[in-house]
Structures are given as structure tokens and as C-alpha cells.
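Every read-out reported here was derived from the displayed coordinates using simple, explicitly stated rules and does not represent laboratory data. If you're wondering where the values come from, they're calculated on a predicted model, not measured in any experiment.
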Amino acid sequence: MALDSRERVSDELSEREVEILQLVAEGCSNREIAGRLTIAEVTARDHMQNILRKLRVDNRTAAVLAGVREGYLHWTNT
């Protein structure tokens with residue numbers, strides 16, 4: 001049975017998780033994310049763990065790729 005291309009394979013990410021995933025795609029560390037969003041580094045780490053779990057991936061690079069594949073992130077030519 002094939003998945004409809006509009007169906008997500010993952011759980012939905014919250015707006016905050018998408019914001020954090022975008023910063024990860026830009027190359028930010030948890031510490032940098034925390035500084036930019038004025039949250040604790042442990043909070044950034046916890047959000048990242050939730051993102052990995054929801055996207056069913058094991059690392060930040062795979063999370064960014066899954067984010068693009070599932071429509072959370074979009075590349076722009078600048």
C-alpha cells in the first residue's frame with residue numbers, strides 16, 4: 001500500500017519545533033538556538049529530541065532532510 005504524497009510519515013511538529021528545525025538547517029547548535037530564542041539550552045535540546053522522535057530519525061542532518069521531505073522546511077535561492 002503506497003502512501004498518499006500528502007500524508008506525513010511523522011507526528012506533527014509544533015510551530016516552535018519547526019522554528020528550531022529551521023535554525024538547525026541553518027547550522028545552529030543547541031546553544032546558538034537557545035540564545036536566538038531566549039530559551040535554556042536544555043529546552044533547545046529537549047525540543048530537538050522531540051523533533052528527532054517525531055520525524056523518526058537519529059540525527060540532526062536526517063531531521064533536516066525529513067523536514068524538507070515532509071514540507072516543514074523549504075529551500076530558497078538567495
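Given their separation in residues at 0.36 nm each and the Cα-Cα distance between them, residue 59 and residue 26 gain 10.4 nm when the chain is fully extended.
How far, in nm, would the chain grow between residue 12 and residue 49 when pulled straight, counting 0.36 nm per residue and subtracting the alpha carbon separation?
Values: separation 37, 0.36 × 37 = 13.32 nm, distance 1.41 nm.
Residue separation times 0.36 nm, minus the Cα-Cα distance, leaves 11.9 nm.
How much length is gained if the chain between residue 41 and residue 68 is pulled fully straight, taking 0.36 nm per residue apart and subtracting their Cα-Cα distance, in nm to one decimal? Intermediate results must be reported in sequence, preceding the final value.
Working: separation 27, 0.36 × 27 = 9.72 nm, distance 2.46 nm.
In short, 7.3 nm is gained.
Could you tell me whether the range 15-69 comes out rounded, prolate or oblate from its Cα gyration tensor? Rule is a ≥ b ≥ c as square roots of the eigenvalues, rounded for a/c under 1.5, then prolate if a/b exceeds b/c, otherwise oblate. Walk me through the numbers on the way to the answer.
Numbers: a/c = 1.93, a/b = 1.56, b/c = 1.24.
Prolate shape, in that a/c is at least 1.5 and a/b is the bigger ratio.
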